[in-house]
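Undergrad: The following block contains the structure, expressed as structure tokens.
The values are calculated or read from the model by the stated rules, or taken from the named source; none is laboratory data. In this text, all values refer to a predicted model and were calculated from it rather than measured experimentally. Cβ placement follows ideal geometry from the backbone for every residue including glycine, while neighbour counts extend to all protein chains displayed.
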């Protein structure tokens, strides 16, 4: 086997994107596309464009050929061609060209604007399963006229029903509070008191630390892999409170329940430490791969420094334009090839090991973890 064989093996590897959101079904004008290329929720200043970012440049390089355009085409020409083809055709092309065989879709955001798992499967001609977001389940229950005293038992029942066909659970406690929470299971009395405060305030967004702990422990009790956003995200979080090392005591308390740390940048080395020392911890660098663009190869290589390779997963965390779903796969393949090819050329890895381990990270580890 040669380095060229490694490249071919990576290009042909059917990926499992273990954490992704639905693609956007609607047409996008330039302002909407630019907003999709940043985690910021602020207006983009008139003197700049998000196409002048690592993600924006990567989009024009790797997505343009899928739309029958030359690489590195100008943004105006790219958007004109996108409009000519229509959103449905653009989404179909980009999802199918990604080489993802199975999408594990977090359905906790976007509503009907984003494609459902079934719609993702249909348009990409692949498989899709659901990952259920804990906070969304409780927020829906709060709209159903539940009493505080019955909430703990009702939530357990509703969560079991809601996730009966799901492959995993997800929490955004990093956004709602941060990881510096009391890691212990709250008592029923604490949960009922917190539920009373939340419901009297009108329900809605769950950010009470007691209720968030209750959700986490409810997820642990269910036994499905529990995904936790960590690190970089939009301004709704405070980055210094999203270092996964802050979860260490919680990690120990819930062992051996499987925990999956998502994205983790710039704390991906810290996540690698947790994945090495705790058998039930897994991680990825999903969101960072797209946003670091041409530098994503360095991030991918750094994710392979400390953790056993059976603990590392592939994800795109794509949400919205199908360009993000496509780029997540393309940039991960390129970054993985660059890292592994260098080690093979140095004689420290064999070609066979490189292909085998790429297959583990790209699909095999997720297949084992999520039983999919």
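Undergrad: When residues of the range 1-25 are filtered for being outside any helix (DSSP H, G or I) and either loosely packed, with under 15 Cβ neighbours inside 10 Å or without any contact (Cβ under 8 Å) to a residue 12 or more places away in the chain (or both), how many remain? Lay out the reasoning, then the answer.
TA: To start, the set of residues in the range 1-25 that are outside any helix (DSSP H, G or I) comprises 1-2, 12-25.
Next, only the ones that are either loosely packed, with under 15 Cβ neighbours inside 10 Å or without any contact (Cβ under 8 Å) to a residue 12 or more places away in the chain (or both) stay: 1-2, 12, 14.
Of the residues in the range 1-25, 4 are outside any helix (DSSP H, G or I) and either loosely packed, with under 15 Cβ neighbours inside 10 Å or without any contact (Cβ under 8 Å) to a residue 12 or more places away in the chain (or both).
Undergrad: Restricting attention to the range 110-126, which residues are without any contact (Cβ under 8 Å) to a residue 40 or more places away in the chain and touching a helix residue (DSSP H, G or I) at 6+ places or on another chain (Cβ under 9 Å)?
TA: Once the filter is applied, which keeps residues that are without any contact (Cβ under 8 Å) to a residue 40 or more places away in the chain and touching a helix residue (DSSP H, G or I) at 6+ places or on another chain (Cβ under 9 Å), the range 110-126 yields 124, 125, 126.
Undergrad: I would also like to ask the following. Take the conditions surrounded by 20 or more Cβ atoms within 10 Å (Cβ to Cβ), outside any loop (DSSP other than H, G, I, E, B) and out of contact with any helix residue (DSSP H, G or I) (no Cβ under 8 Å at 6 or more places or on another chain) and apply them to residue 131. Does it pass?
TA: yes
Undergrad: Just a yes or no: is a residue in the range 224-244 under 30 Å from residue 66 (Cβ atoms), outside any loop (DSSP other than H, G, I, E, B) and in contact with a strand residue (DSSP E or B) (Cβ under 7 Å, 6 or more places away or on another chain)?
TA: Scanning the range 224-244 turns up at least one residue that is under 30 Å from residue 66 (Cβ atoms), outside any loop (DSSP other than H, G, I, E, B) and in contact with a strand residue (DSSP E or B) (Cβ under 7 Å, 6 or more places away or on another chain).
Residue-wise test of (1) touching a strand residue (DSSP E or B) at 6+ places or on another chain (Cβ under 6 Å); (2) farther than 23 Å from residue 368 by Cα; (3) surrounded by 15 or more Cβ atoms within 10 Å (Cβ to Cβ).
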position: 71; (1), (2), (3): no, yes, no
position: 77; (1), (2), (3): no, yes, no
position: 82; (1), (2), (3): no, yes, yes
position: 88; (1), (2), (3): no, yes, no
position: 91; (1), (2), (3): yes, yes, yes
position: 96; (1), (2), (3): no, yes, yes
position: 107; (1), (2), (3): yes, no, yes
position: 123; (1), (2), (3): no, yes, yes
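Undergrad: Please go through the range 32-50 and pick out each residue that is surrounded by 11 or more Cβ atoms within 10 Å (Cβ to Cβ), more than 22 Å from the chain's Cα centre (by Cα) and modelled with pLDDT of 95 or more.
TA: 49
Undergrad: Looking at the range 266-372, what helices (runs of 4 or more DSSP H) fall wholly within it and have at least 1 residues that are within 18 Å of the chain's Cα centre (by Cα) and buried (at least 17 other Cβ atoms within 10 Å of the Cβ)?
TA: 268-277, 286-292, 296-303, 322-345, 365-370
Undergrad: Same structure, new question: Among the residues of the range 143-188, count how many are touching a strand residue (DSSP E or B) at 6+ places or on another chain (Cβ under 8 Å), under 18 Å from residue 130 (Cβ atoms) and without any contact (Cβ under 8 Å) to a residue 60 or more places away in the chain.
TA: 5
Undergrad: Right, something else. Considering each residue of the range 253-265, count those that are touching a residue at least 40 places away in the same chain (Cβ under 8 Å) and part of a helix (DSSP H, G or I), and give that number.
TA: 1
Undergrad: If you scan the range 5-30, which residues turn out to be over 24 Å from the mean Cα position of the chain (by Cα) and more than 18 Å from residue 330 (Cβ to Cβ)?
TA: Selection gives 5, 29, 30.
Undergrad: While we're looking at this one, here's another question. If we keep just the residues of the range 139-154 that are under 19 Å from residue 222 (Cα atoms) and in contact with a helix residue (DSSP H, G or I) (Cβ under 6 Å, 6 or more places away or on another chain), which is surrounded by the most Cβ atoms within 10 Å (Cβ to Cβ)?
TA: Here the residue is 151.
Undergrad: Determine whether residue 28 is surrounded by 17 or more Cβ atoms within 10 Å (Cβ to Cβ) and in a helix (DSSP H, G or I).
TA: no
Undergrad: Could you please find all residues in the range 191-225 being more than 28 Å from the chain's Cα centre (by Cα) and surrounded by fewer than 16 Cβ atoms within 10 Å (Cβ to Cβ)?
TA: Within the range 191-225, 193, 196, 197, 200, 201, 202 qualify.
Undergrad: Yes or no: residue 59 under 30 Å from residue 260 (Cα atoms), under 20 Å from the mean Cα position of the chain (by Cα), part of a helix (DSSP H, G or I) and touching a residue at least 12 places away in the same chain (Cβ under 8 Å)?
TA: yes
Undergrad: Here's a follow-up. Just to be sure, is residue 137 on the phi < 0 side of the Ramachandran plot and within 17 Å of the chain's Cα centre (by Cα)?
TA: For residue 137, the condition - on the phi < 0 side of the Ramachandran plot and within 17 Å of the chain's Cα centre (by Cα) - is not met.
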